[in-house]
Amino acid sequence: MTVVVLGGGIKDGKLPLQAKKRLDKAIKISETRDIDRFLVCGKYSFLTDKNDLPEKTEAEIMKEYLLNEGVDSNKIFTEKESMDTISNAYYAKTEYFLPQNETEGIIITSEYHIPRVKYIFEKIFGNKFDLKFEGVETKADDRLLKRQQELLNKFKELTSSMEDGDHNFFKGKFFNIDYYTEKRPAWIKKKTSKG
């Protein structure tokens, strides 16, 4: 079984608190369950200002964190292409789960993010995978919760013709379709890129 930790932004080249909490939860889970590997996901948010791109990916910084906490480097895999939750699921499946013949995973994110993450991962992975979802407590105001629901509804609309498990539906669609090009509020850009 693999613990999958979703990125939570990069602030001044460092992980924000929510990302550290996710990693700490993954470590704690690995101490009590039969966990073979860790998969840390994320390049940086597609909303990150192009003049302020981080030197390292979220996945690289998360790997460093796990190493500093004593996790064996042979157990840590990085996914460094994803720039949002949808591409987290897509690349986790296509670059790790399928090539590694992995069928079980525990996805770690923030509690407020769980409903959207669960729907997206189950839609992209399909029913041939046994996925569980764990959240860490993270401050989320009504505005953020409302935005999560809006994004979930948009994803449902986007994938209404997609069969569950058909990850190829997203080939060539990342970051250039209406879902990605619509204007985002400034607070969303800051939250997704800086944590």
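The values are calculated or read from the model by the stated rules, or taken from the named source; none is laboratory data. Fair warning: this is a prediction, and the values are worked out from it, not measured in the lab. Cβ sites come from the backbone with ideal geometry, for glycine too, and all protein chains shown count toward neighbours.
Worth a mention:
Conditions (1) modelled with pLDDT under 95; (2) farther than 24 Å from residue 106 by Cα; (3) touching a His at 6+ places or on another chain (Cβ under 7 Å); (4) in a helix (DSSP H, G or I), marked per residue:
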{"residue": "134", "(1), (2), (3), (4)": "no, no, no, no"}
{"residue": "152", "(1), (2), (3), (4)": "no, no, no, yes"}
{"residue": "156", "(1), (2), (3), (4)": "no, no, no, yes"}
{"residue": "163", "(1), (2), (3), (4)": "no, no, no, no"}
{"residue": "179", "(1), (2), (3), (4)": "yes, yes, no, yes"}
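- Considering the conditions (1) closer than 20 Å to residue 130 by Cα; (2) β-branched (Val, Ile, Thr); (3) touching a residue at least 60 places away in the same chain (Cβ under 8 Å), residue 10 is excluded by exactly one of them, (1).
- Of all residues making up region 81-102, the number that are of a type in the set (D, E, K, R), buried (at least 19 other Cβ atoms within 10 Å of the Cβ) and under 25 Å from residue 148 (Cβ atoms): 2
- Cross-chain or 6+ apart pairs with Cβ under 8 Å, region 163-175 first and at positive phi, then among the small types (Gly, Ala, Ser) and at pLDDT 95 or above: 165/126
- For the condition crowded, with 21+ Cβ neighbours inside 10 Å, farther than 25 Å from residue 34 by Cβ, within 13 Å of the chain's Cα centre (by Cα) and polar (S, T, N, Q), residue 109 does not qualify.
- All of 60, 31 fail the test of being under 23 Å from residue 96 (Cα atoms), surrounded by fewer than 24 Cβ atoms within 10 Å (Cβ to Cβ) and without any contact (Cβ under 8 Å) to a residue 12 or more places away in the chain, apart from 31.
- Qualifying residue in region 64-74 (condition: surrounded by fewer than 18 Cβ atoms within 10 Å (Cβ to Cβ), at positive phi and more than 16 Å from the chain's Cα centre (by Cα)): yes
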